[in-house]
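*Asks:* Have a look at the structure that comes next, please.
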Amino acid sequence: MTGAQALDIFDAQVTSRQLDLAGRWLRSFGEGFYTIGSAGHEANALVAAVLQPTDPALLHYRSGAFYCVRAAQAAAGPAAEPAEAAVAYPADPAAHPSEPGREAAADASDVGVGLFDAAGESSDEQPDAGAAAPEDSARAAHGEIEAPTGAHGGRGAAEGPQDAVSAATRPERPWAYAEAAGDVLRGVVASAREPIAGGRHKVFGHPDLAVVPTTSTIASHLPRAVGMGLAIERLRRRETRRAGAVDAGDEAGESPTWPSDSIVVCSFGDASINHASATAAFNTAGWYDHTGLRIPVLFVCEDNGLGISVRTPQGWVEAALRSKPGIRYFGADGSDPVRAYAAAEEAAAWVRRHRRPAVLHLRTVRLMGHAGADAETAYRSPAELAGDLDRDPVAATARLLVEAGVAGGEELLARYDEIGWLVRRVAEEVIGEPKLTGAADVVAPLAPRRPARLARAVAEAAARAAGPGAADRDAAFGGRLPELAGPLTLAQSINAALSDGMLDHEEMAVFGEDVAAKGGVYGVTKGLRDRFGPARVFDTLLDETSVLGLGLGAGLAGMLPVPEIQYLAYLHNAEDQLRGEAATMQFFSQGAYRNPMVVRVAGLAYQEGFGGHFHNDNSVAVLRDVPGLVIAVPARPDDAAPMLRTCLASAAVDGSVCVFLEPIALYHTRDLYAEGDGEWLAGYAEPAAWASGHVPIGRARVYGVGSAEDLTIITFGNGVRMSLRAAAALADEGVGTRVVDLRWLAPLPVADIMREASATGRVLVVDETRRSGGVGEGVLAALVDAGYVGAARRVAGVDSFVPLGPAARQVLVSEEAITQGARTLLAR
């Protein structure tokens, strides 16, 4: 680390500290809305300095200094030169312009590599089979800390002799962090001009900086980081194979989202390591490493010893992190910038070289409390608070600069005050920026819907399947095309549609528990691994959080993931990955980042009493209230394939997160009215018919039974088959019925519901989910909101878990209950 680098890092740390103070100042008069700061964690600037500016970063909320360094790295570009337009520190504060751009930091006072020598080892990592190269250990032992790449890596910096440069002879220092400061403060004041969330939340993120926004949910971003690492490595290997298979002048396909040598960095606090999401992520990373798969992820645990007021037991974090199988441990104290820099550099280099996961345990302190309203004197002693001040990382860097003769104490104090003034100026300017003022503005990036583009995407897929891809399609199906196979079951139709999706979307992957070798517990994915190989169809470990985390990371890295959750009841173990992570990504990034995904879930009840509530879960309320989530429920084979194509197109085109809820009891159903009639089967459409058979999101399907003039039954899933059977019985009594299959539980097909309800003036809602919180509540509310004035009644499941055996019939909707409900409604 050079003197110039250390000065730059000091500036970044001071900027971060002053941003915390500015946030408190803005809050004091009602203009600031976020006061969780980074004070005490500024050593994460050292971590940013040793990374490449294109390494994707998922940062926790005390990452102000990291963000400042990354912003300057990105501004510097691949070869940082002294920035002529950079804003210098003026003698007169009034001379400072209010909105300097993001410029590179450079300084002629570079005093050379090896100025700050660390005695002893640079890190206290554990030895393992993948130990660092001998030259790395030797370099660390001698304190020879090489400059990293990027603006803080000293690219283009002149290296001078190891002597102190006085303030009188040193050129005025530029402030390279003005734009980063503006980004952060816009988040604090909820400005609509904030570059990532646009005033929707205070997060660290920027599409130009490879910083992916994360929510405040504790540790929920760690499973995504593992998925990103796995996806980056898969894409890197695919691109390598492509490059070797084409001539130099040929196109090798689209480049991955990040450079092929990227590593993922993911930071979090010490309290977060106890969270189930963190445990899942560490376990998954280690599990895959044990199997030989490479996951280049650098976890960074910033350990200040506190989770708000709850203390982390002394030594717990190190003991816990060192014990993680398959994850290399590195440790450092953030109040020792030389050794912390060396450890961070060594950890990042190890992950980049070996493409394996590691954790950097960075010991920090927490200054200024958890947030502005936190009176930490209620649970911390004065001596403890004073001890943390002694380990202040900003003061530690200043001390290093003074002891090395790079800068004087008065000079650094003046720099601290000057940066404080500059930050204050930025804060004053962002106060007046516009805020989000309407609901439409707030939800605009949440879940974009472009139905015309989806229809076009389906038509284009059909053209490819029928044209240039016809031979590959015939080969994939072994000459037995599904449209020539005769009537198919629901499971067979989904299987064929998955195959067609894999053929059309090269980046698509199907994965989950038992989906590959076994072909799914119900055979829905049977044969896919043989057709498309283990790289695209693979089994995962038995952890739903990790399954969804892999999908989240893969989608962010440019893949089209189709994870399977084996049973709906198992989803509840991991639902925050959908709610807190998947559904919020476009919302908190204004669409700059997205995680397209189609989550297949086998669910609902009616398995003839088999399995009890874990295999017959009928609760979807937790999904229906997630903003922006698409929920599809195909009941018929001839709906399943086009609905799956729509979900894949929506994910690919709009970045949608779709849940494809498959009724288990209908997977292999063949008959509708009588045994052997085969009327629940349906043919698979040939590609030429895909466009005309396209099923848009939020459109229902209507069946007319008899005159279809007396009653409208609105239902979905298993309710469709039961309602059609009940309608046939009512037709024998002279009652004409319209059976409306919702097909989409979110968004509900409100226009179709209202049209069909108004056609008869009598509505029976058949809801196989529970009476409280079930789908029927949403349907009836939609009718009321739309002005429906006819009669309505509901038949729904009992508020109960589904029991084992025949007792299940006592709590689920039956055909008899539907028929009786219809008769009661007609008698009014």
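*Asks:* Could you list the chymotrypsin sites (Phe, Trp or Tyr not before Pro) in the range 598-638 that lie in coil according to DSSP, counting only those with at most 14 other Cβ atoms within 10 Å of their Cβ?
*Replies:* On the way: sites: Y606, F610, F614; in loops: Y606, F610.
Hits after loop and neighbour filter: F610.
*Asks:* Further question: No other cysteine beta carbon under 4.7 Å away is the test; run it over the chain and list who passes.
*Replies:* Those would be C68, C266, C301, since no other cysteine Cβ in the chain comes under 4.7 Å of theirs.
*Asks:* Here's something else I'd like to know. Take the alpha carbon gyration tensor of the range 703-828, find the square roots of its eigenvalues, order them as a ≥ b ≥ c, and report rounded if a/c is under 1.5; if not, report prolate when a/b exceeds b/c, else oblate. Write down the numbers at each step before the final one.
*Replies:* Numbers: a/c = 1.80, a/b = 1.20, b/c = 1.50.
Oblate is the answer for the range 703-828, as a/c is 1.5 or above yet b/c matches or exceeds a/b.
*Asks:* Any chance you could give the angle, 0 to 90 degrees and rounded to 10, that helix 409-430 forms with the longest Cα principal axis of the chain?
*Replies:* Orientation of helix 409-430: about 30 degrees from the principal axis.
*Asks:* If Lys and Arg each add +1 and Asp and Glu each add -1, what is the summed charge of the other residues whose beta carbon sits under 15 Å from the beta carbon of V766?
*Replies:* Numbers: positive: R701, R721, R725, R738, R743, R762, R770, R771, R793, R794, R823; negative: D741, E756, D767, E768, E777, E815, E816.
That sum, taken over residues with Cβ under 15 Å, equals +4.
*Asks:* Now for a different question. Roughly speaking, what is the centre-to-centre gap between the range 568-627 and the range 682-705 when only Cα atoms are used, to the nearest Å?
*Replies:* Measuring centre to centre over Cα atoms gives 25 Å.
*Asks:* OK, next. Counting only protein heavy atoms and using a 1.4 Å probe, what share of the accessible area of the range 315-386 belongs to carbon plus sulfur, as a whole percent?
*Replies:* Numbers: 1490 of 2370 Å².
Result for the range 315-386: 63 percent of the exposed heavy-atom area is carbon or sulfur.
*Asks:* Here's a follow-up. What angle do you read, to the nearest 10 degrees and between 0 and 90, between the alpha-carbon axis of helix 815-826 and the longest principal axis of the chain?
*Replies:* 80 degrees
*Asks:* Calculate, axis by axis, the spread of Cα positions in the chain along the three principal axes, and write the results as whole Å, longest axis first.
*Replies:* Principal-axis extents of the Cα atoms in the chain, largest first: 101, 60, 48 Å.
*Asks:* Sequence-distant or interchain residues sharing an amide H contact under 5 Å with A796, placed H: which?
*Replies:* The answer is D767.
*Asks:* Starting from a Cα-only point model with no solvent, please compute log10 I(q)/I(0) by Debye for the range 525-673 at q = 0.13, 0.20 1/Å.
*Replies:* So the normalised log intensities are -0.59, -1.37.
*Asks:* Over all distinct alpha-carbon pairs, what is the Kirkwood Rh of the range 391-439 in angstrom?
*Replies:* Values: mean 1/r = 0.0752 Å⁻¹.
After inverting the pairwise mean of 1/r, the radius is 13.3 Å.
*Asks:* Oh, and also: Just to check I understand the Karplus step: with θ = phi - 60° and J = 6.51 cos²θ - 1.76 cosθ + 1.60, what whole-Hz values come out for the range 666-682, glycine and proline as x?
*Replies:* 9, 3, 10, 5, 10, 10, 10, 9, 9, 4, x, 6, x, 7, 8, 7, 7
*Asks:* Further, regarding this structure: Can you list, bin by bin at 5 Å, the percent of alpha carbon pairs in the range 363-467, starting at 0?
*Replies:* Bins of 5 Å from zero give 2, 8, 8, 9, 10, 11, 9, 7, 6, 6, 6, 6, 6, 4, 1, 0 percent of pairs.
*Asks:* Explain nothing, just compute: Karplus ³J(HN,Hα) = 6.51 cos²θ - 1.76 cosθ + 1.60, θ = phi - 60°, for every residue of the range 176-181 in order, whole Hz, x for Gly and Pro.
*Replies:* 3J(HN,Hα) across the range 176-181, in whole Hz: 8, 10, 5, 5, 4, 4.
*Asks:* Could you rank the peptides 327-339, 801-813, 10-22 by their average count of other C-beta atoms within 10 Å per residue, with the highest value first?
*Replies:* Going from most to least packed, we get 10-22, 327-339, 801-813.
*Asks:* Right, here's the next one. In Å³ and rounded to a whole number, note down the convex hull volume per residue for the Cα atoms of the range 543-612.
*Replies:* Details: hull volume 5.5 nm³, N = 70.
Each residue corresponds to 79 Å³ of Cα convex hull volume.
*Asks:* Here's something else I'd like to know. Averaging sequence separations of C-alpha pairs under 8 Å and six or more residues apart, then dividing by the length of the range 32-77, give the relative contact order as a whole percent.
*Replies:* Details: 38 pairs, mean separation 22.2, N = 46.
Across the range 32-77, relative contact order equals 48 percent.
*Asks:* If one computes P(r) from the Cα atoms of the range 644-701, what percent of pairs lie at distances over 16 Å?
*Replies:* Working: 1018 of 1653 pairs.
It works out to 62 percent of all Cα pairs.
*Asks:* Next question, about the same structure. Scattering from the C-alpha atoms of the range 261-361 alone, worked out with Debye: what is log10 I(q)/I(0) at q = 0.13, 0.22, 0.25 1/Å?
*Replies:* -0.44, -1.19, -1.42
*Asks:* Non-local amide H neighbours of I631 (under 5 Å, H modeled in plane, Pro and chain starts lacking H): which ones?
*Replies:* Residues meeting the criterion, in which the H sits 1.01 Å from N, are V659, L745, A746.
*Asks:* As a test question: what accessible area, to the nearest 10 Å², does F33 have when a 1.4 Å probe is rolled over all protein chains in place?
*Replies:* My reading of the accessible area for F33 is about 120 Å².
The values are calculated or read from the model by the stated rules, or taken from the named source; none is laboratory data. None of these values were measured; they are calculated from a predicted model. Ideal geometry is used to build each Cβ from the backbone, glycine not excepted, and the neighbour counts take in all protein chains shown. When the accessible area is computed, the model is the full protein with side chains, heavy atoms only, and any ligands, DNA or RNA have been set aside. Shrake-Rupley method; radii C 1.70, N 1.55, O 1.52, S 1.80 Å.
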